[in-house]
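**Student:** This structure is in structure tokens; I'll ask about it shortly.
FYI, it's all coordinate maths here, none of it is from the lab. Keep in mind it's a predicted model, so treat the numbers as computed, not measured. Every residue, glycine as well, gets a Cβ built from its backbone with ideal geometry; the counts of neighbours run over all protein chains shown.
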Amino acid sequence: MSLPMLQLALDNKSLADALASTRLLAPEVDVLECGTILVCAEGMQAVRCLKSLYPNHIVLADIKAADAGSILGAMCYDNGADWMTAICCAPIATIQTALAEAKKRGVERDVQVELTGTWTWEEATLWKEAGVRQVVYHRGRDAQAAGQSWSDEDLSKIRKLAGMGFQLSITGGLTVDDLPLFKGIPVKVFIAGRAIRDAQDPAAAARAFKARIAEIWG
């Protein structure tokens, strides 16, 4: 089982704030996420800037595309994104056209289906048939605020998705103490934002994530 990567979620309200985080944290993480909030605030310049400054990192444009897959895919990839997200409620045609744009630009480009909100196993089968390789299992920000923790139902769904052959990213208020819950699951990426960015020592917090990941999956 490969060692899961660590992704830094940059859901900052400004590019300046995001770059203040990356100056500290880029050496400690594998994937830099241009979060939905940052994209809404700063547009594609945020994606372009991250890839320009950190060309050896995977850069994700977390735009949660719901339509216009070809146009949005081209925008993300042509501005430097390696991966982009499409929301799970998007029509399959949107996901297919975004995937087509990724394939035009090489095997390293990819589309992740973001599992925020309601989705079905029938839809998951359609994503797989369409060529989707990656899904993001997301315990939403509002669910976290309501005090919802990782449940047995969450873990059962995650295991089933892994069994279908999807590469999994896991996110949603993750802390280092949550990581053992996922032991034995072939997670591709763990995503952390505030738990790292808002820590008293952000670099040390990121290193703690990496060390725990290595301990469990190494």
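**Student:** Please compute the length gained on full extension between T175 and S14, using 0.36 nm multiplied by the number of residues separating them and subtracting their Cα-Cα distance.
**Tutor:** 55.5 nm
**Student:** Further question: Which residue, I71, I191, I170, tops the fluctuation ranking in a GNM of the chain built on C-alpha contacts under 10 Å?
**Tutor:** Highest fluctuation of the listed residues: I71.
**Student:** May I pose another question? For I92 and S156, compute 0.36 nm times the residue count separating them, minus their Cα-Cα distance, and round to one decimal in nm.
**Tutor:** Stretched out fully, the I92 to S156 stretch lengthens by 20.6 nm.
**Student:** Against the 2.2 N^0.38 Å scaling, with N counting residues, where does the stretch 36-83 land? I'd like the Cα-based Rg ratio to two decimal places.
**Tutor:** Ratio of Cα Rg to 2.2 N^0.38 Å: 1.05.
**Student:** Tell me, rounded to the nearest percent, the portion of alpha carbon pairs in the stretch 1-101 spaced more than 20 Å apart.
**Tutor:** Distances greater than 20 Å cover 35 percent of the Cα pairs.
**Student:** Based on Cβ point charges of +1 for Lys and Arg and -1 for Asp and Glu, what charge dipole magnitude is obtained for the chain about its Cα centre, in debye rounded to the nearest 20?
**Tutor:** 380 debye
**Student:** Running a GNM on the chain with Cα contacts under 10 Å, which residue among L155, L25, L60 ends up with the highest mean-square fluctuation?
**Tutor:** In this elastic network of the chain, the residue with the biggest mean-square fluctuation among L155, L25, L60 is L155.
**Student:** Checking understanding here: applying a Kyte-Doolittle mean of at least 1.6 and a length along the axis of at least 24 Å (C-alpha), which whole DSSP H helices in the chain pass?
**Tutor:** Span-like helices, by this rule, are absent here.
**Student:** For a 19 Å ceiling on Cα separation, which of these pairs sit above it: K128/K210; K157/K210; K51/K210; K128/K157; K13/K210; K13/K188?
**Tutor:** Listed pairs above 19 Å: K128/K210; K157/K210; K51/K210; K13/K210; K13/K188.
**Student:** Here is a follow-up. Just want to confirm a number: the relative contact order over the chain, from Cα pairs under 8 angstrom separated by 6+ residues, in percent.
**Tutor:** 21 percent
**Student:** Using only helices, what value at 222 nm comes out for the chain when you add -39,500 (n - 2.57) per DSSP H run of length 4 or more and divide by the total residues, to the nearest 500 deg cm²/dmol?
**Tutor:** About -13000 deg cm²/dmol.
**Student:** Further, regarding this structure: Assuming 0.36 nm per residue, please report the length gained on full extension of the stretch Q45 to M1 beyond their Cα-Cα distance.
**Tutor:** Difference between extended and current length: 12.3 nm.
**Student:** Rounded, prolate or oblate: which fits the stretch 124-218 when a ≥ b ≥ c are the square roots of the eigenvalues of the alpha-carbon gyration tensor, with rounded for a/c under 1.5 and prolate only if a/b beats b/c?
**Tutor:** It is prolate, given that a/c is not under 1.5 and a/b is the larger ratio.
**Student:** For the stretch 75-172, what does the convex hull of the Cα positions come to per residue, in cubic angstrom?
**Tutor:** 100 Å³
**Student:** Of the residues Q112, Q200, Q167, which exhibits the maximal mean-square fluctuation in a Gaussian network model of the chain defined by a 10 Å Cα contact cut-off?
**Tutor:** Residue with maximal mean-square fluctuation among Q112, Q200, Q167: Q200.
**Student:** Moving on to the next point. Straight-line reach from K64: which aspartates and glutamates fall under 16 Å, measuring Cα to Cα and dropping same-chain residues less than 8 apart?
**Tutor:** Straight-distance partners of K64: D11, E33, E42, D82, E101, D110, E114.
**Student:** Could you compute the FRET efficiency for A130 and L24, with r as their C-beta to C-beta distance and R0 at 41 Å, rounded to 0.05?
**Tutor:** Computed FRET efficiency for A130 and L24 comes out at 0.60.
**Student:** Taking R0 as 22 Å, what's the FRET efficiency between A199 and Q148 from their Cβ-Cβ distance, rounded to 0.05?
**Tutor:** FRET efficiency, A199 to Q148: 0.45.
**Student:** Starting from the Kirkwood Rh over alpha-carbon pairs, what translational D in µm² s⁻¹ does the chain have by Stokes-Einstein at 4 °C and 1.567 mPa s?
**Tutor:** For these conditions, the coefficient is 75 µm²/s.
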